[in-house]
Each structure stands twice: as C-alpha cells, then as structure tokens.
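A quick write-up on the structure given underneath.
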Amino acid sequence: MITQTSEIYARSLLEFDFDVLKQLNQIKEVFALSPDLYALLTNPSVKISDKTDISEAVFKEKIDERLINFLKILCENGRIDEFNQIISAYEKELDKKNNIKSVKIVSAIELTDDYKQKIQKKLEQKLNASIHPQWFVDGEIIGGLIFKYEDTIIDSSLKNKIENFGKTMK
C-alpha cells in the first residue's frame, strides 16, 4: 500500500532531469544487499546527522547529488522506511506523466506472442495510451479474457457470462 506521503515525495522526483528510476533502483539494490545499512538508516536511535553523513558517504560516487540530498531529507524526516513505497509511487507517477497504463490481462490458457500483440494494440487504441501488460493464466475463467487497470475491470470471461446467465434465470 502506497501512502499519501510516499506519493508526495514521488511527485517531487518528477522535477529531476536525469534517469531517477535507474538511480533509485541502484539505491534499492544497495539496501537489499546491505540490510545493516538500511537498518541503521531507519533506526530512530541513530542521530539524523549520522544518517545523512552515512548516506552521503555510501552513495557519493554512484548517485546524483540531488538524489543524495533527497535521501538526506528522507532521513531527516524519518521517512527512509518508505523508500520502496516512494519508488512504487514514482513509477506510477512516471507512467501517468508518459500516458502509460499498467493492465493485468487474465486468460484461460497461455496466449501466443502474436495474439498478445494484437490484444495489446487493440487495448492501446481503446485506452488511447501505451500499455504495460501483465499476463496471467487462470484456467478457472474457462475462456475469454479479464482486463484490470486503474479501478476498472472488464470481465469477458466465459465463467462470468455463465454466472450472469444463471442470475438472470432466477
């Protein structure tokens, strides 16, 4: 769950004119490879000045100075523990800015690459946006497709049609 605070921090990152996502992922990787570093930066008993000094020392040669300053702000405000949420929120904001929609597509069987391309092209036309499809297989839907994006679900599955038919027959 992405917090409102994470969304605010993420929107501030949109102002930068470099590949922020690549560098955010580099920081995330360092945190994953060094859980002690992450634990230190999120520990409330460690002085803020120590946290900011450590952040600068660790990332000085690898990360843009503005992003190091961003990390320092997170440390100062006790929000470094929301770092992964901020990355997720940033990705969503970036997609919104670039008119890209993430769409989950569920089918009863594995679809061929050709069929996936046709579906993607149709969806991009219908949504008037580029899409980032996530493909899933669920044999329980029997046939058809289910599309999920933003707050919308389009269920053209055979299972759904059978259930709806059963409701109308009662």
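The values are calculated or read from the model by the stated rules, or taken from the named source; none is laboratory data. Please read all numbers here as calculations on a predicted model, not as lab measurements. FYI the Cβ positions are ideal-geometry reconstructions off the backbone, even for glycines, and counts take in every protein chain you see. Accessible surface areas use protein heavy atoms only, side chains included; no ligands, DNA or RNA. Shrake-Rupley method; radii C 1.70, N 1.55, O 1.52, S 1.80 Å.
Work out from phi, with θ = phi - 60° and the Karplus expression 6.51 cos²θ - 1.76 cosθ + 1.60, the ³J(HN,Hα) of each residue of segment 105-110, listed in order in whole Hz, and give x for Gly and Pro.
10, 10, 10, 6, 10, 5
Taking the Cα atoms of segment 1-41, what is the range of coordinates along each of the three principal axes, in descending order and whole Å?
30, 24, 16
Please figure out what share of the DSSP beta bridges in the chain is antiparallel and state it in percent, rounded to the nearest 5.
Numbers: 8 of 16 bridges.
If we restrict to bridges inside the chain, about 50 percent are antiparallel.
With every protein chain kept in place and ligands, DNA and RNA left out, what is the accessible area per residue of the chain? Probe 1.4 Å, answer in Å². Please list the in-between numbers first.
Working: 11070 Å² over 170 residues.
I get 65 Å² per residue for the chain.
With each run of n ≥ 4 DSSP H residues scored as -39500 (n - 2.57), what mean residue ellipticity at 222 nm is computed for the chain after dividing by its residue count and rounding to the nearest 500 deg cm²/dmol?
Details: 8 runs with 98 residues, N = 170.
That comes out to -18000 deg cm²/dmol.
Taking 0.36 nm per intervening residue step and subtracting the Cα-Cα distance, what contour gain separates ILE2 from ASP95 on full extension? Show your work: numbers first, answer last.
Values: separation 93, 0.36 × 93 = 33.48 nm, distance 1.55 nm.
Stretched out fully, the ILE2 to ASP95 stretch lengthens by 31.9 nm.
Rounded to whole Å, give me the distance from the Cα center of segment 8-52 to that of segment 97-170.
What the calculation gives is 36 Å, centre to centre.
Quick one: helix 20-33 against the long Cα principal axis of the chain, what's the angle to the nearest 10°, folded into 0 to 90?
The angle comes out near 80 degrees.
Using the Karplus curve 6.51 cos²θ - 1.76 cosθ + 1.60 with θ = phi - 60°, work out ³J(HN,Hα) for each residue of segment 68-84 in order, rounded to whole Hz, and write x for Gly and Pro.
Per-residue couplings from phi come out as 5, 4, 4, 4, 4, 4, 4, 5, 4, 8, x, 10, 5, 6, 9, 4, 5 Hz.
Counting only DSSP beta bridges with both residues in segment 78-170, what percent are antiparallel, rounded to the nearest 5? Before the final figure, lay out the partial values.
Details: 8 of 16 bridges.
If I count the DSSP bridges inside segment 78-170, around 50 percent turn out antiparallel.
Can you list the lysines whose alpha carbon sits under 29 Å from that of LYS101, skipping same-chain ones fewer than 8 residues off?
LYS22, LYS28, LYS92, LYS116, LYS118, LYS121, LYS122, LYS126, LYS148, LYS159, LYS161
For GLU163, put the label point 7 Å out on the Cα→Cβ axis and report which residues of segment 129-145 keep their amide N under 15 Å from it.
138-145
Taking the mean number of other Cβ atoms within 10 Å as a proxy for protection, how do you rank 86-95, 31-40 from highest to lowest? Can you show the working numbers first?
Values: 86-95: 18.5, 31-40: 12.2.
Descending packing order for the listed peptides: 86-95, 31-40.
Could you grab the relative contact order for the chain? Cα pairs under 8 Å, six or more apart, rounded to a whole percent. Mind showing how you got there, number by number?
Values: 174 pairs, mean separation 35.7, N = 170.
Contact order relative to length: 21 percent.
Between LEU37 and ASP155, what FRET efficiency comes out of the Förster formula 1/(1 + (r/R0)^6) with R0 = 45 Å and r the beta carbon distance, rounded to 0.05? Don't skip to the answer; put the middle values down first.
Values: r = 45 Å, r/R0 = 1.00.
That gives a FRET efficiency of 0.50.
What base-10 log of the normalised intensity I(q)/I(0) is obtained for segment 22-73 from the Debye formula, alpha carbons as equal point scatterers, at q = 0.18, 0.30 Å⁻¹?
-0.53, -1.34
Between SER157 and residues 5 or more places away or on another chain, which pairs have amide H atoms under 5 Å apart, with H built 1.01 Å from N, and which residues are they?
Distant-sequence amide H within range of SER157: LEU145.
Report, to the nearest 10°, how far helix 4-13 tilts away from the longest principal axis of the Cα atoms in the chain, using its own Cα long axis and a range of 0 to 90°.
That works out to roughly 70 degrees.
Using a Gaussian network model on the chain with a 10 Å cutoff between Cα atoms, which of ASP17, ASP151, ASP138 fluctuates the most?
Answer for the Gaussian network model of the chain: ASP151.
Write down the Kirkwood hydrodynamic radius of segment 1-114, to one decimal in angstroms, obtained as one divided by the mean of 1/r over all alpha carbon pairs.
Working: mean 1/r = 0.0645 Å⁻¹.
Hydrodynamic radius (Kirkwood, Cα pairs) of segment 1-114 is 15.5 Å.
Using Cα springs under 10 Å in a Gaussian network model of the chain, which residue among ILE100, ILE48, ILE109 shows the largest mean-square fluctuation?
So, out of ILE100, ILE48, ILE109, the one fluctuating most is ILE109.
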